[in-house]
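Participant: Mind looking over this structure? Questions follow.
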Amino acid sequence: MPEPIEVRKVAIKHVSDASGLAELIDAGVVAADRVVAVVGKTEGNGGVNDYTRIIADRAFREVLVDRGTRTPEEAKQVPIVWSGGTDGVISPHATIFATVPADQAAQTDEPRLTVGFAMSEAILPEEIGRRPMIEKVAAAVQVAMERAGITDTADVHYVQTKTPLLTIHTIRDAKSRGQHVWTEETHESMDLSNGCTGLGVAVALGEIDLPDDADVMHNRALYSAVASCSSGVELDQAQVVVVGNARGVGGRYRIGHSVMKDALDADGIWAAIRSAGLELPERPHSDDLDGRLVNVFLKCEASRDGAVRGRRNAMLDDSDVHWHRQIKACVGGVASVVTGDPAVFVSVSAAHQGPEGGGPVAAIVDLG
């Protein structure tokens, strides 16, 4: 049986700040050696060359080494997923997941938060956007589920991944071996890697059958309602964190999920919070959360028809500010109004993650 989970959200005060994690450890809230995952937002451009992810990653891993017994190499194995870009009011922050001894957690037979982690086989540049990547991601999700003690896919509410995207170097590598890649546009490969990974999650959880290569980025009816996929240059495997609920684990926290049907669907966020077990009035307000919401995790995507609720927008035609940044700022504002807190995890590039123009939402609450 997996151990209970303690989960806390901490602010990132500047680009290399990991003091929030250090303070949790020093206060005895979590132990450095028991941190099992970190999911956070950094303040960079969110693009291929977003160095803030690397700076934050280094800072947090240094705290794990300084405050615990892990070696630097061992600390590198802890899954830390950074989503770059805090456009609009989104505030840089990190959500820390750590195990606690069973005898120090609330005992209950009700479903409570559990976390599992896995790494896929290496993903080659020419596999990004194609069936081999889907299959490798799906296999890793199943391993992470097992490690989380989850046997029913319905108990999985959030799958956070980090996968490789294409760079000039990896494109050249593929060509040197006589292979061809799905795209030679490195920024486009971010959407591609995320979307293909979303399909892998959906296959693992039985949400869809194994798709064909032609479905990737084209058949948007195929998606996962719980996948949150990010990509970067810092790895060549799929890093998979499965978050769900399991009976007998114990602890105070529970997770739920829903989907936003479009960029303005605040009701979809409230539905995820209710799914996590928090009772709310019919027309809730952020005050009704009463400090019980740990965080929400959202993916978003500009609708390809260039409209929201029948009204035209110019995001996809804007040559000055990429639509990634515009839709992220929009959905970050909607989520901040719901939660009353701008430190929300909102990530863009949601192909095959939630419905077209919308995206998955997960919420973690403290049930006391």
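Participant: Can you tell me which lysines have their Cα less than 30 Å from the Cα of LYS299? Leave out same-chain residues fewer than eight positions away.
Facilitator: LYS9, LYS13, LYS41, LYS76, LYS136, LYS162, LYS261, LYS328
Participant: Could you tell me how far the Cα centroid of region 63-127 sits from the Cα centroid of region 149-164, in Å?
Facilitator: Value for the Cα centre distance between the two parts: 13 Å.
Participant: In addition: So between ASP212 and ARG58, what do we pick up on full extension, going 0.36 nm a residue minus the alpha carbon distance? Please list the in-between numbers first.
Facilitator: On the way: separation 154, 0.36 × 154 = 55.44 nm, distance 3.80 nm.
Taking ASP212 through ARG58 to full extension adds about 51.6 nm, to one decimal.
Participant: If you roll a 1.4 Å probe over the chain with all protein chains in place, what percent of the accessible area is carbon or sulfur? Mind dumping the intermediate values first?
Facilitator: Values: 7110 of 15110 Å².
The nonpolar share, carbon plus sulfur, comes to 47 percent.
Participant: If each residue of separation counts as 0.36 nm, what is the full-extension length gain between LEU367 and GLU188 once their alpha-carbon separation is subtracted?
Facilitator: Numbers: separation 179, 0.36 × 179 = 64.44 nm, distance 4.07 nm.
Residue separation times 0.36 nm, minus the Cα-Cα distance, leaves 60.4 nm.
Participant: Additional query: Could you provide, to the nearest whole Å², the per residue accessible area of region 66-113 with probe 1.4 Å? List each step's numbers first, then the result.
Facilitator: Numbers: 2210 Å² over 48 residues.
Per-residue value: 46 Å².
Participant: Let me ask something additional. Rolling a 1.4 Å sphere over the protein heavy atoms, what is the accessible area per residue of region 123-171, to the nearest Å²? Kindly include the intermediate steps, with their values, before the conclusion.
Facilitator: On the way: 1780 Å² over 49 residues.
I get 36 Å² per residue for this part.
Participant: Using the basic label-point model (7 angstrom from Cα toward the beta carbon), what is the VAL15 to GLU282 distance in nanometres?
Facilitator: Reported label-point gap for VAL15 and GLU282 is 5.0 nm.
Participant: So what are the ³J(HN,Hα) numbers for region 7-16, from phi and the Karplus equation (6.51, -1.76, 1.60; θ = phi - 60°), rounded to whole Hz, Gly and Pro as x?
Facilitator: 9, 9, 9, 10, 6, 10, 7, 7, 4, 10
Participant: Another question, if that's okay. Subtracting the Cα-Cα distance from 0.36 nm times the residue separation, let me have the gained length for GLU74 to ASP236 in nm, one decimal.
Facilitator: On the way: separation 162, 0.36 × 162 = 58.32 nm, distance 1.79 nm.
Stretched fully, the GLU74-ASP236 segment lengthens by 56.5 nm.
Participant: Suppose R0 equals 41 Å. What FRET efficiency, 1/(1 + (r/R0)^6) with r the Cβ-Cβ distance, do THR153 and ARG177 give to the nearest 0.05? Spell out each step's value before the answer.
Facilitator: Working: r = 36 Å, r/R0 = 0.89.
Efficiency at R0 = 41 Å is approximately 0.65.
Participant: Which whole-Hz couplings ³J(HN,Hα) result when phi for each residue of region 68-76 is put into the Karplus expression 6.51 cos²θ - 1.76 cosθ + 1.60, θ = phi - 60°, listed in order with x for Gly and Pro?
Facilitator: Computed from phi, the couplings for region 68-76 are x, 10, 5, 7, x, 5, 5, 5, 5 Hz.
Participant: Additional query: Taking amide H positions as placed in the peptide plane 1.01 Å from N, state which residues far from ALA37 in sequence (5 or more) or on other chains have amide H under 5 Å from it.
Facilitator: Here the answer is PHE97, since their amide H atoms fall under 5 Å of that of ALA37.
Participant: Can you work out the Karplus-derived ³J(HN,Hα) for every residue in region 235-251? Use 6.51 cos²θ - 1.76 cosθ + 1.60 with θ = phi - 60°, whole Hz, and x for glycine or proline.
Facilitator: Values per residue, Gly and Pro as x: 7, 10, 10, 8, 9, 10, 10, 9, 10, x, 10, 9, 7, x, 6, x, x Hz.
The values are calculated or read from the model by the stated rules, or taken from the named source; none is laboratory data. Bear in mind the structure is a predicted one, so any value in this text is a computation, not a measurement. Cβ: placed from backbone, ideal geometry, glycine included. Neighbour counts: every protein chain shown. For accessibility, only protein heavy atoms count, side chains too; no ligands or nucleic acids. Shrake-Rupley method; radii C 1.70, N 1.55, O 1.52, S 1.80 Å.
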